[in-house]
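The values are calculated or read from the model by the stated rules, or taken from the named source; none is laboratory data. None of these values were measured; they are calculated from a predicted model. Note: ideal-geometry Cβ built from the backbone for every residue, glycine included; neighbour counts use all protein chains shown.
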There are 2 protein chains.
Amino acid sequence: MDPSMPSVKDLTADNITATVIAINSNCNDPRMKYLFERLVSHIHDFARETRLTTSEWQASIKFLTEVGQICTDVRQEFILLSDVLGLSLLVDSIDHPKPENSTEGTVIGPFHTHEAKDLAHGSAISADPAGEPMLVVGTVKDTKGNPIPDVKIDVWETDSKGFYDVQYSDHGEPDGRAVIRSDQNGDFFFNAIVPVPYPIPHDGPVGKLLQKLHRHPYRPSHFHFMFEKPGYDHLITALYRRGDPYEASDAVFGVKNSLVVDIGTVSDVDGLAKKYKVDPSTRLMTYDFVLVSDEEAKVLRHKKAQEAIEKQGLTNAGIVDGLVIPQQ
Amino acid sequence: MDPSMPSVKDLTADNITATVIAINSNCNDPRMKYLFERLVSHIHDFARETRLTTSEWQASIKFLTEVGQICTDVRQEFILLSDVLGLSLLVDSIDHPKPENSTEGTVIGPFHTHEAKDLAHGSAISADPAGEPMLVVGTVKDTKGNPIPDVKIDVWETDSKGFYDVQYSDHGEPDGRAVIRSDQNGDFFFNAIVPVPYPIPHDGPVGKLLQKLHRHPYRPSHFHFMFEKPGYDHLITALYRRGDPYEASDAVFGVKNSLVVDIGTVSDVDGLAKKYKVDPSTRLMTYDFVLVSDEEAKVLRHKKAQEAIEKQGLTNAGIVDGLVIPQQ
């Protein structure tokens, strides 16, 4: 027994929060200590403000258990839950702040895998014969306009029915996903299919929750991109098809105007069909991605954390290694 | 698409919370709507205040998934998580407020089952030959001192090694648990074993969390009771052994001074061994339980909810069917 710890007897709604926080403060990781201080505070305030009942608590325990139990290697229901509550987008915006001239981020969603194969420029990433062929042509630059070569670009999309490869119980080789690398000019291109709108998996607890909240489970047509290169802030983003019926009501809050694109046709641009060796009727998605350097992201993250500290009036909080930690 | 719903495009850390709340406000259950308004608010504030990082978010998703995946019919890791964060005790204190002259409640813990058999007074509930025999003698009364007959009393405890029956993979018949009913005088008695301190299951994610928080997983020796009778507020409580090494540091914050008892010996009281037909050396636990009527609990719950509403300055909140709901 640590004599410096308070007695945890006779706790009431009025003193339990401070006591639990005091007990957790033995933790020797100052960041974890701060996270648990805020977490306990918010969870307790939630219960106190709502006068949470025992049966509501039991229903929450049951719900969270079901969310965990439906998870598998290829289904991540807790990410879905975070997505539909807007937490995923919020965390991305906090941790990956973007200067005005860079590409905005969005939710990663639960369907990124580490199985995608490295494919050469011009490869076809989708084997779905029912998909409408689409050429994807992109560039990767820094905020000063310089091309960034050799960026690892993870790309993934559903098939024409709106399902990712891992959603099929009998999926074999990775399909609808690949890792592409930008060339010396920061360029890349590959063949894919036109994305379609689809519902997030809604046969589980998160789907039932959306139903109770009178919300639809649809995501507008989109195509996922993830950019990684040492020295640059990890960019998780997606391009959304303009005019999609769910463009303004994405179930996971991921759409940003700067990421909404027109899907054209290769024949719109002279010489493109020949250059990329595709049929002129092939649909076309192009985008110039702009990555933020680690240093730029760090400075911006620090600035925003400082603003948040001031907004909260945490006069004794500091930022250590980029993480907010209150000074004791 | 509901035209009354806001567009969910271009969400930022500054506008996402109000937007998610607006989207959820289509829910036609006003209580659920309020719970999700407060939940989203707190989760988002938590992320904003701590500047939660993507890797911390990923670690949280992984942790919650593991908590769900270790759950089985007989292991409830989410209840453990709620217990060690003090939420379980808090919810009990909110939903089951007790007037001064009644028996206090405490955490139910993850080991109550619905398998316990109805046993007659004087039955032995534990088959553990290594347990130290203990006679339990109790009364159940209302707050005016009148005996309450025919109360369903669920009782459960560990064996002498500190394990509940369901923690053994090969457990057969229920052991260390029973349902007893109070007689016409509100009395009941049965034979059990002296409770021992034990660690909550700490081989899973919650155990690892406690370790990182530098907390021990022990609960002081205790014996669980649950009282049910129509017209009376459900009482979930436990008695704790005075002088236990973990009396003031219960890992799940359940101990209250009014529930700490001396465990005596039957021979301490003249005639007791004969009356209850037990050996005079048998240990003895006695307690006079006082139940609160549904009506008393309702009035007190309402009063405390009203106080909480005032404290929060929710001037337009109301209480409908005992539940806090903001008036629109």
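So which residues in region B:113-136 are surrounded by 15 or more Cβ atoms within 10 Å (Cβ to Cβ), of a type in the set (Gly, Ala, Ser) and farther than 21 Å from B:GLY264 by Cα, if there are any at all? Within region B:113-136, just B:ALA116 meets the criteria. Of all the residues in region A:1-38, those that are charged (D, E, K, R) and assigned to a loop (DSSP other than H, G, I, E, B) number 5. Anything in region B:296-308 that is touching a Gly at 6+ places or on another chain (Cβ under 8 Å) and either in contact (Cβ under 8 Å) with a residue 24 or more places away in the chain or among the β-branched types (Val, Ile, Thr) (or both)? List them, or say none. Scanning region B:296-308 gives B:LYS298, B:ARG301. Would you check which residues across region B:67-85 are surrounded by fewer than 21 Cβ atoms within 10 Å (Cβ to Cβ) and more than 9 Å from chain A (Cβ to nearest Cβ) and list them? Within region B:67-85, B:THR72, B:ASP73, B:VAL74, B:ARG75 qualify. For region A:206-240, a residue qualifies if it is away from chain B (no Cβ under 13 Å) and either over 16 Å from A:GLY105 (Cα atoms) or part of a loop (DSSP other than H, G, I, E, B) (or both), and the qualifying residues are A:GLY207, A:SER221, A:LYS229, A:PRO230, A:GLY231. I need the full set of residues from region A:153-174 which are within 26 Å of A:VAL266 (Cβ to Cβ) and either outside the structural domain of A:GLU115 (by TED's automatic domain parsing) or loosely packed, with under 14 Cβ neighbours inside 10 Å (or both), in order please. Scanning region A:153-174 gives a single hit, A:LYS161.
Based on this model, can you work out whether B:GLY186 counts as farther than 23 Å from B:ASP73 by Cβ, touching a residue at least 24 places away in the same chain (Cβ under 8 Å) and small (Gly, Ala, Ser)? Yes.
Would you mind finding the one in A:ASN26, A:ASN15 that is in contact with a His (Cβ under 8 Å, 6 or more places away or on another chain) and surrounded by fewer than 19 Cβ atoms within 10 Å (Cβ to Cβ)? Please lay out each step first, then the result.
Numbers: A:ASN15 fails: in contact with a His (Cβ under 8 Å, 6 or more places away or on another chain).
Just a single option satisfies the conditions, and that option is A:ASN26.
With the condition kept exactly as written, say whether any residue in region A:23-42 is over 30 Å from A:LYS304 (Cβ atoms) and facing chain B (nearest Cβ under 7 Å).
Taking region A:23-42 and keeping what is over 30 Å from A:LYS304 (Cβ atoms), we get A:23, A:26.
Then keep just the ones that are facing chain B (nearest Cβ under 7 Å); that gives A:23, A:26.
Checked region A:23-42: at least one residue is over 30 Å from A:LYS304 (Cβ atoms) and facing chain B (nearest Cβ under 7 Å).
Quick test for you: out of A:VAL266, A:VAL261, A:VAL252, pick the one residue that is surrounded by 21 or more Cβ atoms within 10 Å (Cβ to Cβ) and within 14 Å of chain B (Cβ to nearest Cβ). Working first, answer last.
Details: A:VAL266 fails: within 14 Å of chain B (Cβ to nearest Cβ); A:VAL261 fails: surrounded by 21 or more Cβ atoms within 10 Å (Cβ to Cβ).
Among A:VAL266, A:VAL261, A:VAL252, only A:VAL252 is surrounded by 21 or more Cβ atoms within 10 Å (Cβ to Cβ) and within 14 Å of chain B (Cβ to nearest Cβ).
Flag: A:SER88 matches the condition of being crowded, with 18+ Cβ neighbours inside 10 Å, in a helix (DSSP H, G or I), at pLDDT 95 or above and at the interface with chain B (Cβ under 8 Å from one of its Cβ atoms).
Checking the stated criteria, A:GLY231 turns out not to satisfy the condition of being modelled with pLDDT under 95, farther than 25 Å from A:PHE78 by Cβ and surrounded by fewer than 19 Cβ atoms within 10 Å (Cβ to Cβ).
Comparison of A:ARG242, A:ARG301 shows that the only residue that is more than 23 Å from A:ASP128 (Cβ to Cβ) and either of a type in the set (Gly, Ala, Ser) or out of contact with any Phe, Trp or Tyr (no Cβ under 7 Å at 6 or more places or on another chain) (or both) is A:ARG301. Test B:LEU52 against the stated conditions and say whether it is at the interface with chain A (Cβ under 7 Å from one of its Cβ atoms), buried (at least 20 other Cβ atoms within 10 Å of the Cβ), out of contact with any strand residue (DSSP E or B) (no Cβ under 6 Å at 6 or more places or on another chain) and on the phi < 0 side of the Ramachandran plot. It is true that B:LEU52 is at the interface with chain A (Cβ under 7 Å from one of its Cβ atoms), buried (at least 20 other Cβ atoms within 10 Å of the Cβ), out of contact with any strand residue (DSSP E or B) (no Cβ under 6 Å at 6 or more places or on another chain) and on the phi < 0 side of the Ramachandran plot. Of everything in region B:77-112, what is polar (S, T, N, Q) and under 13 Å from the mean Cα position of the chain (by Cα)? Give them in sequence order. Matches in region B:77-112: B:SER82, B:SER88, B:SER93, B:THR106.
Touching a strand residue (DSSP E or B) at 6+ places or on another chain (Cβ under 8 Å) and touching a residue at least 40 places away in the same chain (Cβ under 8 Å), is that true of B:LEU135? Spell out how you get there, then give the answer.
Values: touching a strand residue (DSSP E or B) at 6+ places or on another chain (Cβ under 8 Å): yes; touching a residue at least 40 places away in the same chain (Cβ under 8 Å): yes.
Against the criterion (touching a strand residue (DSSP E or B) at 6+ places or on another chain (Cβ under 8 Å) and touching a residue at least 40 places away in the same chain (Cβ under 8 Å)), B:LEU135 qualifies.
Of all the criteria given as (1) touching a Ser or Thr at 6+ places or on another chain (Cβ under 8 Å); (2) in the same structural domain as A:VAL261 (by TED's automatic domain parsing), the one not satisfied by A:MET5 is (2). Could you go through region B:137-156 and let me know if any residue there is basic (Lys, Arg), within 24 Å of the chain's Cα centre (by Cα) and over 27 Å from B:ALA297 (Cβ atoms). For region B:137-156, residues basic (Lys, Arg), within 24 Å of the chain's Cα centre (by Cα) and over 27 Å from B:ALA297 (Cβ atoms): absent. Exactly one residue out of B:SER55, B:SER82 is among the small types (Gly, Ala, Ser) and under 25 Å from B:ALA297 (Cα atoms): that is B:SER82. Close contacts from region A:140-156, counting a first residue that is of a type in the set (S, T, N, Q) and a second that is at pLDDT 95 or above and in a strand (DSSP E or B), with Cβ to Cβ under 9 Å and a gap of 6+ residues or different chains, come to A:THR143/A:VAL290; A:THR143/A:LEU291; A:THR143/A:SER293. Restricting attention to region B:215-236, which residues are closer than 26 Å to B:GLU100 by Cβ and touching a His at 6+ places or on another chain (Cβ under 8 Å)? Once the filter is applied, which keeps residues that are closer than 26 Å to B:GLU100 by Cβ and touching a His at 6+ places or on another chain (Cβ under 8 Å), region B:215-236 yields B:HIS224, B:MET226, B:PHE227, B:GLU228, B:ASP233, B:HIS234, B:LEU235, B:ILE236. Screening B:LYS62 on (1) surrounded by 20 or more Cβ atoms within 10 Å (Cβ to Cβ); (2) more than 7 Å from chain A (Cβ to nearest Cβ); (3) more than 28 Å from B:SER249 (Cα to Cα); (4) of a type in the set (Lys, Arg) shows it passes everything except condition (1). Is there a residue being buried (at least 22 other Cβ atoms within 10 Å of the Cβ), assigned to a helix (DSSP H, G or I), touching a Leu at 6+ places or on another chain (Cβ under 9 Å) and hydrophobic (A, V, I, L, M, F, W, C) anywhere in region B:96-112? Scanning region B:96-112, I find no residue that is buried (at least 22 other Cβ atoms within 10 Å of the Cβ), assigned to a helix (DSSP H, G or I), touching a Leu at 6+ places or on another chain (Cβ under 9 Å) and hydrophobic (A, V, I, L, M, F, W, C), so the answer is no.
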